[in-house]
Amino acid sequence: MNSKNYVRKSAVATAKRAAFIAVAAVTLALPLHGQQAGKDVPASASGLPNQQATAASQPTQQEIMQELEAMKKRIAQLEAELKSRTTAAEASPATGTPARVAEASSAAAPAEAVVAQTPGGSAAAAPAKVEKIAPFSDWDWTWLNGNPRNKDVAFDSKFFTPEIRADITYNYDFNKPIDNSMGGSSELFRSNEIQLEQLGIGGDFHYDNVRARFMTQFGMYSTTTVRNDPSYAKGQWNINDADRYLSEAYGGYHINALDGINIDAGIFMSYVGLFSYYNFDNWAYQPSYVSSNTPWFFEGLRVQIFPTPHLKIEPWFINGWQSYASANSRKGLGGQIKWTPKPWVNIISNNYGLGHDDLYIPNRGRIHTDDSIEIKYFDKPGNRLDKMAFTFTGDLGCEFGGGVSCHGDKAGGPKQSFVGFMLYDRTWFKKDTYGLTVGGGAINNPGRYLVLLPPINGETAPSAAINSPYFPENPGNPFKAWDSSITFDYMPKQWITFRWEYDYRRANVPYWTGRGGITPPGPTGVPYTNNGFPEYYACMNGNSSMTMSLSAAETACGSPGSTSTVWFPDLRKDESFVDIDIMVKF
């Protein structure tokens with residue numbers, strides 16, 4: 001039971017109890033007064049007849065009615081006081097009042113005393129019952145970037161809590177790619193088209209401490225997310241097809257120890273990079289590189305330990321860095337520490353290590369740390385300007401072994417590292433109906449091992465592990481980039497967001513899709529069609545050169561010594577676009 005419901009129930013119970021006492025007094029007093037007036041009773045010690053003495057000692061009907069009116073006024077006064085406290089609590093949901101029944105009863109409903117009878121018959125106060133709260137549930141966290149902003153659940157039951165998500169986007173890239181194809185994004189993939197980003201249908205099962213969750217990802221995510229995982233190319237059974245339509249799918253058990261322990265196994269969301277995989281939960285649609293170029297999911301085992309309602313320690317044992325399978329034999333280890341000491345601050349640290357995550361390179365290790373802080377520095381729910389908050393995230397990582405090193409030395413090989421940050425500030429207006437976010441970030445990723453590979457000629461992470469002729473990710477290859485964005489949200493209901501966003505992004509090397517596109521010409525009469533061999537150079541006639549060597553490709557394409565017959569994608573150093581989005585979550 002939460003504190004608001006308890007206050008309301010206490011007010012009703014108080015009023016009913018007082019009314020019962022008043023009615024009982026009237027019911028008992030009036031008949032007894034009438035009966036004694038017509039009875040013969042022994043004389044009193046004063047010498048007056050007992051009837052007169054009794055009449056003198058009983059209150060009159062007028063006095064009883066006056067007392068009843070006074071009690072009614074007192075009841076009305078108590079109800080007004082309780083109503084004002086409830087209204088204040090509802091107007092300030094983020095003030096940090098814990099939803100504990102014992103605290104609510106003692107602070108908000110002093111008129112209702114809990115009384116128990118002792119064996120000797122005397123009344124004694126019963127011990128207050130303390131009801132534990134779910135972790136991170138006593139304060140309002142809907143303001144966080146990466147958290148859904150719904151304050152209510154549309155439907156719930158003892159066994160299942162459903163969840164439905166729909167994400168539809170229209171994006172216009174000012175580079176105007178002729179093949180409508182974009183690269184370098186984890187959210188936007190097609191220009192000048194209306195696209196279904198994700199349709200998620202699922203929810204949470206919960207019964208007798210057993211738990212499970214699943215969520216589908218029909219739409220663009222079912223293709224674009226899978227192509228960034230190289231691990232499925234190792235071995236059999238088409239793992240990418242098996243899992244592509246599921247963003248989350250796990251089962252587990254809840255242990256009633258400390259403030260709760262959850263053990264889950266399956267596919268679960270990554271917290272690296274702060275932004276949620278689901279755009280409805282985020283302050284911006286296209287996140288900066290620190291979020292966009294780091295994992296969106298893990299597959300394996302996690303244990304969520306809650307020592308207190310405001311602290312989570314969560315270790316992971318997983319197949320690898322955003323991988324359905326294991327690129328090599330060694331699994332990955334990682335985990336998160338989340339701490340919310342105050343209702344206006346959220347501190348998160350994610351860390352990863354041990355895994356060998358580069359396909360076909362079994363001795364190359366990877367470590368990564370991702371740390372964020374979110375602070376709400378203004379909160380006036382009654383004002384036209386509601387809230388203001390900011391987030392800052394910093395990432396640091398590297399790879400070592402297999403011909404590369406973290407610092408770049410002659411013995412270990414070229415530098416292979418990742419350094420990045422992002423900063424966003426958000427303002428809410430008119431009772432959270434409108435939102436404005438500005439922000440951006442930057443990365444430096446020599447070796448490009450975390451750079452999202454442009455889908456040139458249908459390039460995927462597995463094919464790039466063999467060769468990427470147009471955007472190689474070789475040891476030491478430089479990549480530096482920065483971006484900025486401004487986002488405006490209209491949120492008429494807690495279940496829907498209308499979003500308008502402008503982004504500008506720039507890299508130190510040609511990376512973004514230009515006017516000419518990133519798809520080969522295709523055979524005669526079939527323009528802009530992948531030829532099925534992204535690891536080789538393509539010819540202007542649409543065929544594959546079937547070679548990784550540029551000079552050999554010139555010969556194979558029919559013009560030795562000339563690159564005019566070899567096709568090249570149109571890549572630019574910068575990109576700007578506008579996206580318009582409709583996002584729904586129940």
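The values are calculated or read from the model by the stated rules, or taken from the named source; none is laboratory data. In this text the structure is predicted, and so the values were computed from the model without any measurement. Note that each Cβ is placed from the backbone with ideal geometry, even for glycine, and that neighbours are counted across all protein chains shown.
Tabulated data
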quantity	calculated
Pairs, first without any contact (Cβ under 8 Å) to a residue 60 or more places away in the chain in region 486-498, second among the aliphatic types (A, V, I, L, M), C-beta under 7 Å, six or more apart	I486/V438; F488/L436
Of all residues making up region 200-232, the number that are touching a Lys or Arg at 6+ places or on another chain (Cβ under 6 Å) and among the acidic types (D, E)	1
Residue under evaluation I178, criteria (1) over 22 Å from N240 (Cα atoms); (2) part of a helix (DSSP H, G or I), criterion not met	(2)
Failed item, numbered, when S551 is tested on (1) of a type in the set (S, T, Y); (2) surrounded by fewer than 15 Cβ atoms within 10 Å (Cβ to Cβ); (3) in a loop (DSSP other than H, G, I, E, B)	(3)
Positions within region 508-529 being surrounded by 15 or more Cβ atoms within 10 Å (Cβ to Cβ) and modelled with pLDDT of 90 or more, in sequence order	P510, Y511, W512, T513, G514, G516, G517, I518, T519, P520
Pairs with Cβ under 6 Å, 6+ apart, first in region 187-211 and assigned by TED's automatic domain parsing to the domain that holds H254 and free of Cβ contacts under 8 Å to residues at least 60 places away in the same chain, second in a strand (DSSP E or B) and small (G, A, S)	L199/A166; F205/A212; R211/G252
Residue match in region 467-479 (condition: of a type outside the set (V, I, T) and within 22 Å of L274 (Cβ to Cβ))	yes
Subset of region 429-448 (residues that are surrounded by 23 or more Cβ atoms within 10 Å (Cβ to Cβ) and out of contact with any Ser or Thr (no Cβ under 9 Å at 6 or more places or on another chain))	R448
Residue check for P527: assigned to a loop (DSSP other than H, G, I, E, B) and touching a residue at least 12 places away in the same chain (Cβ under 8 Å)	no
Residue in region 357-365 that is aromatic (F, W, Y) and closer than 12 Å to Y271 by Cβ present	no
Some residue of region 217-229 being basic (K, R), touching a residue at least 40 places away in the same chain (Cβ under 8 Å) and closer than 30 Å to D579 by Cα	yes
Only listed residue being closer than 29 Å to G402 by Cα and not assigned by TED's automatic domain parsing to the domain that holds F418, chosen from Y537, Y511	Y537
Residue match in region 400-423 (condition: within 31 Å of the chain's Cα centre (by Cα), modelled with pLDDT of 95 or more, under 22 Å from R149 (Cβ atoms) and of a type outside the set (A, V, I, L, M))	no
One residue from N282, N319, N363 being assigned by TED's automatic domain parsing to the domain that holds S463, out of contact with any strand residue (DSSP E or B) (no Cβ under 7 Å at 6 or more places or on another chain) and not hydroxyl-bearing (S, T, Y)	N282
Residues of region 242-267 that turn out to be assigned to a strand (DSSP E or B) and either touching a residue at least 60 places away in the same chain (Cβ under 8 Å) or small (G, A, S) (or both), as a count	6
Pairs, first in contact (Cβ under 8 Å) with a residue 12 or more places away in the chain and on the phi > 0 side of the Ramachandran plot in region 298-324, second in a loop (DSSP other than H, G, I, E, B) and among the basic types (K, R), C-beta under 7 Å, six or more apart	G320/K331
R330, sole failed condition from (1) out of contact with any Phe, Trp or Tyr (no Cβ under 8 Å at 6 or more places or on another chain); (2) farther than 24 Å from N238 by Cα; (3) of a type in the set (K, R)	(2)
Qualifying residue in region 321-331 (condition: modelled with pLDDT of 95 or more and assigned to a loop (DSSP other than H, G, I, E, B))	no
Of all residues making up region 410-451, the number that are over 18 Å from M388 (Cβ atoms) and in a loop (DSSP other than H, G, I, E, B)	12
Filtered residues of region 268-315 (kept if of a type in the set (D, E, K, R) and outside any strand (DSSP E or B))	D281
Residue in region 381-397 that is farther than 30 Å from N328 by Cα, without any contact (Cβ under 8 Å) to a residue 12 or more places away in the chain and not β-branched (V, I, T) present	yes
Region 346-405, residues that are outside any strand (DSSP E or B) and crowded, with 20+ Cβ neighbours inside 10 Å	G355, H356, D357, D358, L359, R364
Evaluation of P475 against (1) in the same structural domain as V404 (by TED's automatic domain parsing); (2) closer than 16 Å to L571 by Cα; (3) in a loop (DSSP other than H, G, I, E, B) (one fails), failing number	(2)
